[in-house]
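Data block below; observations after.
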Amino acid sequence: MSTSKAPDYKASLNQLESIFDEYLGKKAPEMPENIKETLVSFAPYLAIVGLIFSVSTVLPILGIGALMGPFSALLGASYMMSYGIGYYLGIVCFVIVAIFEGLAISGLFKRSMGAWRLMYYSSLVSFVASVLQGSFGGAIIGGLIGLYILFQVKNKYK
């Protein structure tokens, strides 16, 4: 009999959020209040624009991917591992990020904590996608900037 316990992802995400909140929300240099308020006010509109760009981008990307798929198999296993699978993982993550942002829009207008959390999850998925695609510098810099902004404005959401 196995006594192994399934990982508790929710507890892990909450613990990660607490760490980010401590270092990016409390210990990091505080963003001026007027900038926080401006960011929170424009957040839903920025999410709408981002969603429009996401939808208008993902459809052509899927078309290019469908065209590239058969040819990537001809180029060998190493090509498929570095470009083919990474490409499709990137697409999946891109779609997940777009879904999280789309679901967050109405809550961003209401400044709900649920919407903030969806944007947080979106940032985490985006970070993981960058790492999986080998863009470590972009993942670290972009991830830290995005998370810093998110945790600086967290107290504006209820």
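Every read-out reported here was derived from the displayed coordinates using simple, explicitly stated rules and does not represent laboratory data. Keep in mind that this is a model prediction, so the values were computed, not measured. Quick reminder, even Gly has a Cβ in these numbers, built from the backbone with ideal geometry, and neighbours come from all protein chains shown.
Here are a few things to note about the model shown:
- Of all aspartates and glutamates in the structure, those lying under 16 Å Cα to Cα from LYS26, and not within fewer than 8 positions of it along the same chain, are GLU17.
- Here the label points at ARG111 and ILE99, each 7 Å from Cα along the C-beta direction, are separated by 3.0 nm in the simple model.
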